[in-house]
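Report on the following structure.
The values are calculated or read from the model by the stated rules, or taken from the named source; none is laboratory data. Here the structure is a predicted model, which is why all the values come from computation and not from measurement. Backbone-built Cβ (ideal geometry, glycine too); neighbour counts: all protein chains shown. Side chains included, ligands, DNA and RNA excluded: accessible areas come from the protein's heavy atoms. Shrake-Rupley method; radii C 1.70, N 1.55, O 1.52, S 1.80 Å.
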Amino acid sequence: MEVGTACTVCKQPIQVNWNFCPNCGNILRVKPLSTSVLRQLVIYSVSFFLPPFGLGYAFKYLRQDDRKARIIGIISIILTILSIYAIIMSFKMFMDYYSKILKSIDTGSYPY
Ligand SMILES: [Zn+2]
């Protein structure tokens, strides 16, 4: 049990890990975002495999006071950038390959 404190509105004793005062409904704190390993895996997967949707998580986590949450946000942005870079590079490689085939067809050197 964490050490109890008092609600700023009704002065009833409350636990520091409570989000709302059960007596008056006063919001005691903004619920922090989860930084669990599972949550991180979800965020990183979305960031890498479904760009740019990971940025939604990234900015939400970057706005947190918690240092760990902010680091998660930064990693999420880095993964999104890496992913977009990978997509651009593979598209470029495909286009290079494709234009080579087209060129060889034009010059009659295409072997098939
Ligand atoms: Zn209260």
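Tabulated values for the structure
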read-out: Cβ-placed point charges (K, R +1; D, E -1), dipole of the chain about Cα centre in debye, nearest 20; value: 220 debye
read-out: Accessible area (Å², 1.4 Å probe, nearest 10) - R29; value: 100 Å²
read-out: Whole-Hz couplings from phi, Karplus 6.51/-1.76/1.60, listed for segment 15-29; x for Gly and Pro; value: 8, 5, 8, 7, 8, 10, 6, x, 7, 10, x, 4, 6, 7, 6
read-out: Theoretical ellipticity at 222 nm over the chain - DSSP helices of four or more residues, -39500 (n - 2.57) apiece, nearest 500; value: -19000 deg cm²/dmol
read-out: Order by protection proxy (mean Cβ within 10 Å, highest first), peptides 57-69, 94-106, 11-23; value: 57-69, 11-23, 94-106
read-out: With Cα atoms, 0 to 90° folded angle of helix 37-49 axis to the chain main axis; value: 30 degrees
read-out: Relative compactness, the chain, computed as alpha-carbon Rg over 2.2 N^0.38 Å; value: 1.92
read-out: Relative contact order computed over segment 1-100 (Cα-Cα under 8 Å; 6+ residues apart), in percent; value: 17 percent
